[in-house]
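Notes to accompany the following structure.
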Amino acid sequence: MIEKSGNRYSVTGPMLIADARVLLESGRGFLLDEPGSEVILDLASVEEVDSSALGVLFALLRSARERGMTLRVANPPSSLISLAGLYGVSDSLPLA
């Protein structure tokens, strides 16, 4: 689930393959509301991740860039950082 507060979007619950489609669709819907601005995706309340979380994040980054926006990731869980390192994409995550 994603909750909006200003330009901050907070993801709560798990970011697993079963949740990926809903998270991606919700995130893209919110991005439509913020053209040309900076958006923070706060992951402080994310309980669990798998590799699909990286796919969702990179898809949202692409969508944001297409709309002229900057998307930054705040408070990523250590498990997400570990996965990003494992897949060699740590440098591509725009951490806030």
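The values are calculated or read from the model by the stated rules, or taken from the named source; none is laboratory data. What you see is a predicted model; the values in this text were computed from it and never measured. FYI the Cβ positions are ideal-geometry reconstructions off the backbone, even for glycines, and counts take in every protein chain you see. Heavy atoms of the whole protein, side chains included, go into the accessibility calculation; ligands, DNA and RNA do not. Shrake-Rupley method; radii C 1.70, N 1.55, O 1.52, S 1.80 Å.
Observations, loosely collected:
- Magnitude of the charge dipole, the chain, Cβ model with Lys/Arg +1 and Asp/Glu -1, debye to 20: 260 debye
- Heavy-atom accessible area ranking, 1.4 Å probe, most first, across I81, I40: I81, I40
- Folded to 0 to 90 degrees: helix 78-87 orientation relative to the chain principal axis, Cα: 80 degrees
- With helices as the sole contributors, the chain gives -12500 deg cm²/dmol at 222 nm; each DSSP H run of n ≥ 4 counts as -39500 (n - 2.57), and the sum is divided by every residue.
- What a 1.4 Å probe finds exposed on the chain is 50% carbon and sulfur by accessible area, rounded to a whole percent.
- When you work out D = kT/(6 pi eta Rh) for the chain at 25 °C and 0.890 mPa s, using the Kirkwood radius from C-alpha pairs as Rh and the Stokes-Einstein form, the result is 188 µm²/s.
- 0 to 90° range, to nearest 10: angle between helix 51-66 axis and the chain longest Cα axis: 20 degrees
- Tilt relative to the chain, helix 20-31 - C-alpha long axis, 0 to 90 degrees, to 10: 30 degrees
- Each of S92, S37, S78 was placed along the dipole of the chain (beta-carbon charges, centred on the mean Cα), and the one lying farthest toward the positive end is S37.
- Heavy-atom accessible area per residue - the chain, 1.4 Å, Å²: 53 Å²
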